[in-house]
Amino acid sequence: MTVIVGGLLSLASQGLAPAQKRSIELDTKSSILSSVMDRKELKKMKPKEVLEMYDKRISSLVVDINGDIVEKNEKGEPIVAEEVSILKNYKKNPEERLYPVFKYMSAENPDKVESYILPLYGAGLWDKIWGYVALNKELTTIVGVAYDHKQETPGLGARIGTPEIQGRYVGKEIYDEQGNLVSVTMVKGEGNTGLDSHHVDGMSGATLTGKGVNVMLKNYLNYYQSYFKKVKSGSVAAL
């Protein structure tokens, strides 16, 4: 009986695998698009429409810490950007990781990049946080972010997943006037005024979550610096 039950459970698991894979694919691609698209409109779309939109507007690749494109793994198998596990890579040294790049292409000209979308991963107050940051085609200004979390405090740190907080990053600059990467920092407290182009207002009662977001964002922008330089230099390989 145990063998029969085990076999049935195995078959059931195999039967669910394709559906689970499609669900993961939809979630991943929706999250990537949410960094550059209106989320309300995205939620109104059917799964098929989201996937079609993704295929039409997103072009992806994977680079290493040196900004060089990585097309195959050690076994000679093709590497797919959407299938790279940011969690598994996070456990490796930065020099050993794979770094996906998602290019949001123009609707009118599929060969023209509108923005670059990069995955992020880090630690919040209670558990992991992650997301995507979208930069303009010059790789200098944030055009959107999509943050998420596993266990931040509802109404406090969990607010990083809200349009209110994420909207504060739009238009912020990641380099100073001398061209140094300074990233964008969430300040302590809320209701701050007079913030410059490198700072965003904070979240009341969620200073540690904000610090986690700051570290996550700056770290990953640093990891992609070599790729940025190759894009800006006009390297055909980088594009």
Filter segment 86-108 down to the residues that are closer than 15 Å to GLY122 by Cβ and hydroxyl-bearing (Ser, Thr, Tyr), then identify the one that is modelled with the lowest pLDDT. TYR90
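For LEU217, indicate whether it is farther than 17 Å from GLU95 by Cα, surrounded by 19 or more Cβ atoms within 10 Å (Cβ to Cβ), out of contact with any Gly (no Cβ under 7 Å at 6 or more places or on another chain) and modelled with pLDDT of 95 or more. Walk me through how you get there before you give the answer.
Values: farther than 17 Å from GLU95 by Cα: yes; surrounded by 19 or more Cβ atoms within 10 Å (Cβ to Cβ): yes; out of contact with any Gly (no Cβ under 7 Å at 6 or more places or on another chain): yes; modelled with pLDDT of 95 or more: yes.
Yes, satisfied.
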If you take the residues in segment 65-80 that are touching a strand residue (DSSP E or B) at 6+ places or on another chain (Cβ under 9 Å) and farther than 17 Å from PHE228 by Cβ, which one is surrounded by the most Cβ atoms within 10 Å (Cβ to Cβ)? ILE79
Since GLN166 meets every condition but one in (1) touching a residue at least 24 places away in the same chain (Cβ under 8 Å); (2) surrounded by 15 or more Cβ atoms within 10 Å (Cβ to Cβ), which condition does it not meet? (1)
Cβ pairs under 9 Å, 6+ apart or interchain, first in segment 145-160 and open to solvent by 60 Å² or more (accessible area, probe 1.4 Å), second basic (Lys, Arg), ordered by first then second residue, are LYS150/LYS128; GLN151/LYS128
Within segment 160-176, residues out of contact with any strand residue (DSSP E or B) (no Cβ under 8 Å at 6 or more places or on another chain) and either within 16 Å of VAL143 (Cα to Cα) or hydroxyl-bearing (Ser, Thr, Tyr) (or both) come out as THR162, PRO163, GLU164, GLY167
Selection within segment 177-201 - exposed (fewer than 10 other Cβ atoms within 10 Å of the Cβ), polar (S, T, N, Q) and either under 22 Å from LEU139 (Cβ atoms) or in contact with a strand residue (DSSP E or B) (Cβ under 8 Å, 6 or more places away or on another chain) (or both): GLN178, ASN180
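Quick check on segment 57-77. Is at least one of its residues part of a helix (DSSP H, G or I) and at pLDDT 95 or above? Break it down stepwise before answering.
So in segment 57-77, the residues part of a helix (DSSP H, G or I) come out as 57.
In the following step, the residues that additionally are at pLDDT 95 or above were identified as 57.
Yes, there is a match, as at least one residue in segment 57-77 is part of a helix (DSSP H, G or I) and at pLDDT 95 or above.
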Looking at (1) among the charged types (D, E, K, R); (2) in contact with a Gly (Cβ under 6 Å, 6 or more places away or on another chain); (3) part of a loop (DSSP other than H, G, I, E, B), which is the one condition that is false for ASP148? (3)
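The values are calculated or read from the model by the stated rules, or taken from the named source; none is laboratory data. Note that the structure is predicted; figures quoted are calculated from it, not measured. Positions of Cβ are generated from backbone atoms using ideal geometry, with glycine treated the same way; all protein chains shown enter the neighbour counts. Quick note on the areas: whole protein, heavy atoms, side chains included, nothing else; ligands and nucleic acids left out. Shrake-Rupley method; radii C 1.70, N 1.55, O 1.52, S 1.80 Å.
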